[in-house]
Ligand SMILES: [Mg+2]
């Protein structure tokens with residue numbers, strides 16, 4: 001397979017702030033894999049939290065080139081394990097290769113990927129719409145802009161938590177999910193926050209404590225009135241059994257798992273262990289978001305809105321109607337470059 005790599009700057013509609021950082025634009029890496037007259041598309045959304053940058057992603061892709069050059073894409077299970085084994089990290093770059101190979105397969109077979117996986121596209125869930133950390137006035141403005149979305153995901157984990165939730169509840173009575181992004185390091189403080197949120201019609205809380213503190217999370221879960229969902233604590237299927245006693249659910253992202261095949265293994269592992277499943281994302285264009293949407297009929301909760309927060313999405317793919325994700329009908333990912 002022939003690999004083509006390019007970068008694109010994705011601009012945010014609003015400055016995007018979470019507990020640990022903020023940005024008004026992001027550079028993602030886009031790839032094309034061409035073989036036998038067909039081209040598969042892929043995207044890397046590097047995340048510095050996991051030691052990924054644009055440069056480290058490109059470096060990984062260049063290393064993968066020698067494997068891809070001689071690869072037979074029909075043997076994609078073997079091929080994608082080979083890619084996986086090239087590095088202990090750089091899963092976002094692996095995800096781009098995984099989705100491009102599967103896009104190629106779907107296009108060759110002339111089926112959309114969700115059909116290739118045997119899924120009912122009509123079962124795609126409603127996605128939440130994320131509201132980053134901001135001033136109360138801006139929070140209210142963003143909630144007004146997100147009028148068409150019945151579920152909101154509110155980023156907390158700063159000293160402004162009370163002011164933000166007050167603004168949210170002044171603006172709307174919609175269902176709210178909270179993501180602390182590791183922002184409440186003291187378990188007793190986290191428990192107080194969760195009791196307070198339970199009175200504000202919050203559905204669940206994502207990653208309250210810093211990753212790697214499973215016994216503290218287990219302590220919290222025993223006392224928590226709300227479900228607790230792992231994000232920064234879970235990357236791969238092999239992580240899940242160790243955290244099943246501490247969390248009620250996991251947030252799977254293809255950029256963390258290294259692609260759709262591992263995400264699928266995670267979905268089945270989490271189900272076997274009785275965990276609820278969310279499918280989430282980074283700041284991504286409609287290309288990578290659509291890849292995840294193809295697996296979304298299998299999960300309980302979707303947070304696939306990275307593309308909706310962009311001012312210049314370079315791709316057209318999955319749609320949204322009243323929050324419900326709509327799968328495209330084209331073969332493979334069903335994604336095309338925006339005119
Ligand atoms: Mg999260």
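The values are calculated or read from the model by the stated rules, or taken from the named source; none is laboratory data. Bear in mind that the values here come from a model prediction, so they are computed numbers and not experimental data. Because the Cβ atoms are built from the backbone with ideal geometry, glycine has one as well, and the counts that use them run over all protein chains shown.
Here is a check on your reading of the model: is residue 299 crowded, with 24+ Cβ neighbours inside 10 Å, over 26 Å from residue 23 (Cα atoms) and either within 16 Å of the ligand (Cβ to nearest atom) or in the same structural domain as residue 123 (by TED's automatic domain parsing) (or both)? Yes, satisfied. The set of residues in the range 166-219 being more than 27 Å from residue 245 (Cβ to Cβ), touching a strand residue (DSSP E or B) at 6+ places or on another chain (Cβ under 7 Å) and part of a helix (DSSP H, G or I) consists of 168 alone.
Out of everything in the range 165-180 that is within 19 Å of residue 231 (Cβ to Cβ) and surrounded by 18 or more Cβ atoms within 10 Å (Cβ to Cβ), what residue ends up being farthest from the ligand (Cβ to nearest atom)? Can you show your working first?
Within the range 165-180, the first condition is being within 19 Å of residue 231 (Cβ to Cβ), and the residues that meet it are 175-180.
Checking which are surrounded by 18 or more Cβ atoms within 10 Å (Cβ to Cβ) leaves us with 176-180.
Values: 176: 14, 177: 10, 178: 10, 179: 4, 180: 8 Å.
It comes out as 176.
Looking at residue 34 and the list (1) surrounded by 13 or more Cβ atoms within 10 Å (Cβ to Cβ); (2) over 25 Å from residue 306 (Cβ atoms); (3) under 23 Å from the mean Cα position of the chain (by Cα), which single condition is not satisfied? Single failed check for residue 34: (3). For the range 312-332, the condition holds for no residue, the condition being that it is in a strand (DSSP E or B) and closer than 29 Å to residue 220 by Cβ. Return the residue satisfying two criteria in turn: it lies in the range 220-229 and is assigned to a loop (DSSP other than H, G, I, E, B) and touching a helix residue (DSSP H, G or I) at 6+ places or on another chain (Cβ under 7 Å), and of such residues it is farthest from the ligand (Cβ to nearest atom). Top of the filtered list is 225. In the condition set (1) modelled with pLDDT of 95 or more; (2) away from the ligand (no atom under 13 Å from the Cβ), residue 201 is compliant with all but (1).
Looking at this structure, is residue 273 modelled with pLDDT of 95 or more, in contact with a helix residue (DSSP H, G or I) (Cβ under 9 Å, 6 or more places away or on another chain), more than 12 Å from the ligand (Cβ to nearest atom) and under 24 Å from residue 325 (Cα atoms)? Please lay out each step first, then the result.
Working: modelled with pLDDT of 95 or more: yes; in contact with a helix residue (DSSP H, G or I) (Cβ under 9 Å, 6 or more places away or on another chain): yes; more than 12 Å from the ligand (Cβ to nearest atom): yes; under 24 Å from residue 325 (Cα atoms): no.
Criteria not met by residue 273.
Only one entry in 92, 100 is more than 30 Å from residue 139 (Cβ to Cβ), crowded, with 23+ Cβ neighbours inside 10 Å and either under 21 Å from the mean Cα position of the chain (by Cα) or in the same structural domain as residue 316 (by TED's automatic domain parsing) (or both), namely 100. Taking the stated definitions as given, is residue 183 on the phi > 0 side of the Ramachandran plot and within 16 Å of the ligand (Cβ to nearest atom)? No: the conditions fail for residue 183.
For residue 151, indicate whether it is surrounded by fewer than 23 Cβ atoms within 10 Å (Cβ to Cβ), touching a helix residue (DSSP H, G or I) at 6+ places or on another chain (Cβ under 9 Å) and in the same structural domain as residue 200 (by TED's automatic domain parsing). Answer is no for this residue. When residue 250 is tested against (1) touching a helix residue (DSSP H, G or I) at 6+ places or on another chain (Cβ under 9 Å); (2) within 16 Å of the ligand (Cβ to nearest atom); (3) in a loop (DSSP other than H, G, I, E, B), only condition (3) is not met. Looking only at residues in the range 230-245 that are over 12 Å from residue 211 (Cα atoms) and not in a helix (DSSP H, G or I), the one that is farthest from the ligand (Cβ to nearest atom) is 245. Taken together, 282, 255, 278 contain a single residue that is within 15 Å of the ligand (Cβ to nearest atom), buried (at least 20 other Cβ atoms within 10 Å of the Cβ) and part of a helix (DSSP H, G or I), which is 255.
Identify all residues within the range 168-185 that are within 15 Å of residue 196 (Cα to Cα) and touching a helix residue (DSSP H, G or I) at 6+ places or on another chain (Cβ under 7 Å); write none if there are none. If you could, list the steps in order and put the result at the bottom.
Keep residues of the range 168-185 that are within 15 Å of residue 196 (Cα to Cα), which gives 168-169, 176-180, 184.
Residues satisfying the conditions are 168, 176, 178, 184.
Here residue 80 passes the criteria (1) out of contact with any helix residue (DSSP H, G or I) (no Cβ under 7 Å at 6 or more places or on another chain); (2) within 17 Å of residue 263 (Cα to Cα) except the one numbered (1).
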